Amino acid sequence: MNEIGVRDVDVVVIGAGQAGLSAGYHLRRTGLEPDRDFVVLDHAPRPGGAWQFRWPSLTYGKVHGMHALPGKELTGADPARPSSEVIGGYFADYEETFDLRVHRPVDVTAVREGEGGRLLVETSEGSYATRSLINATGTWDRPFWPRYQGQETFRGRQLHTADYPGPQAFAGRRVVVVGGGASGTQHLMEIAEVAAATTWVTRREPVYREGPFGEVEGRAAVALVEERVRRGLPPQSVVSVTGLPLTDAIRGARERGILDRKPMFDRITPTGVAWDDGRSVDADVILWATGFRAAIDHLAPLRLREPGGGIRVEGTRAVRDERVHLVGYGPSASTIGANRAGRAAVADIRRLLARKPEPARV
């Protein structure tokens, strides 16, 4: 018997971004009822997943590779509107259309072993005892900040992509942008229009991708990320292995000298950044476009991590615990991958639920 106040459900979904909503859709398709058989928990204040926090200048027309959720297309969107508004509205309509009844804002603090072979999900609205868990928490809540000598001495402003407010905040400033991904280049091209000066630094030489990026190329990129996850290593993003698309905007920025990449600096000074060969750049702002890590700390009590630091999965199922599925993690972090992962996780969970509950572990 569970503790007083602990609710029993068959499935808990943590996160209502692309992956979580896809999972909720497929749970409903199998006949499970929200708030009776499963529950979707989301810590964000409103629908939209991580998209609701994107900067206003990232309009819908600038978004690359946004795939529709299963069962409902996103049509007629104004490309000039902020992506946060367009996709936030689309997600809200999706939740209502399929009656997913997302609980928000709800913080999940821990998932641990419960009674009777169930998992105990501890949250800000109480605890749930569940036979299975779909973790769809993404990465937005764990921005990665590299550490460099002298970082604490910098007298200017440091911020991460997660807090990027749009280009006008950098008007007249000398800005160092760190990071060679899509966000870094987008930030840099916007900021260069209003800043006093910009400097772009990356750890590796940027790789530009020409031509179409089709299904074959996509599968190859996903396979590289999937291999890391199979080995129990922390996943890299799919974007990190695909290279930068050589668009007209990128070509123009390269021709104007905006995308003039410099190698990573060796230290940060009170007034800027410096290299060991004697070069230095003065800066008012350092913008870290250095990516994110998987937000999975709440799963720590289950001890799912491998020695390499990641959670090893087969498909979407955690190798160390068949009750736990990770969607939007590693190879399923893209929007199309999240859709497929939601479907696969639910299919596997239905087989688990069809079995008799196992006795509590000792």
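The values are calculated or read from the model by the stated rules, or taken from the named source; none is laboratory data. Small disclaimer: the values here were computed from a predicted structure and weren't measured. A quick note on method: Cβ atoms are made from the backbone with ideal geometry, for glycine too, and the neighbour counts reach across all protein chains shown.
Which one of Leu27, Leu32 is assigned to a loop (DSSP other than H, G, I, E, B) and within 20 Å of Val327 (Cα to Cα)?
Leu32
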Original post:
Just a yes or no: is a residue in the range 316-328 surrounded by fewer than 17 Cβ atoms within 10 Å (Cβ to Cβ), closer than 30 Å to Arg231 by Cβ, small (Gly, Ala, Ser) and not assigned by TED's automatic domain parsing to the domain that holds Gly184?
Top reply: no
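Given the structure, is Arg28 basic (Lys, Arg), surrounded by 16 or more Cβ atoms within 10 Å (Cβ to Cβ) and under 19 Å from Leu353 (Cβ atoms)?
Taking the combined requirement at face value, the residue satisfies it.
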**OP:** For the range 169-180, state whether one or more residues are part of a helix (DSSP H, G or I) and of a type outside the set (A, V, I, L, M, F, W, C).
**Re:** no
**OP:** State which residue is surrounded by the fewest Cβ atoms within 10 Å (Cβ to Cβ) when the search covers only the range 31-76 and only residues that are more than 18 Å from Thr97 (Cα to Cα), at pLDDT 85 or above and of a type in the set (A, V, I, L, M, F, W, C).
**Re:** Phe53
Original post:
Does any residue of the range 140-159 turn out to be closer than 30 Å to Leu32 by Cα and assigned to a loop (DSSP other than H, G, I, E, B)?
Top reply: yes
Original post:
Would you pick out the residues in the range 192-239 that are among the aliphatic types (A, V, I, L, M), over 17 Å from Arg312 (Cα atoms) and modelled with pLDDT of 70 or more?
Top reply: Ala192, Val194, Ala195, Ala196, Ala197, Val201, Val207
Original post:
Within the range 188-197, can you find the residues that are in contact with a strand residue (DSSP E or B) (Cβ under 7 Å, 6 or more places away or on another chain), outside any loop (DSSP other than H, G, I, E, B) and over 11 Å from Val285 (Cβ atoms)?
Top reply: Leu188
**OP:** Scan the range 99-139 residue by residue and report those that are surrounded by fewer than 20 Cβ atoms within 10 Å (Cβ to Cβ) and in a loop (DSSP other than H, G, I, E, B).
**Re:** Asp99, Arg101, Arg104, Pro105, Val106, Asp107, Glu115, Gly116, Gly117, Glu125
Original post:
When you scan the range 27-83, how many residues do you find that are under 27 Å from Asp10 (Cα atoms) and of a type in the set (Lys, Arg)?
Top reply: 5
**OP:** Might you check whether a residue that is in contact with a Leu (Cβ under 9 Å, 6 or more places away or on another chain), in a helix (DSSP H, G or I), surrounded by 18 or more Cβ atoms within 10 Å (Cβ to Cβ) and β-branched (Val, Ile, Thr) occurs anywhere in the range 83-95?
**Re:** yes
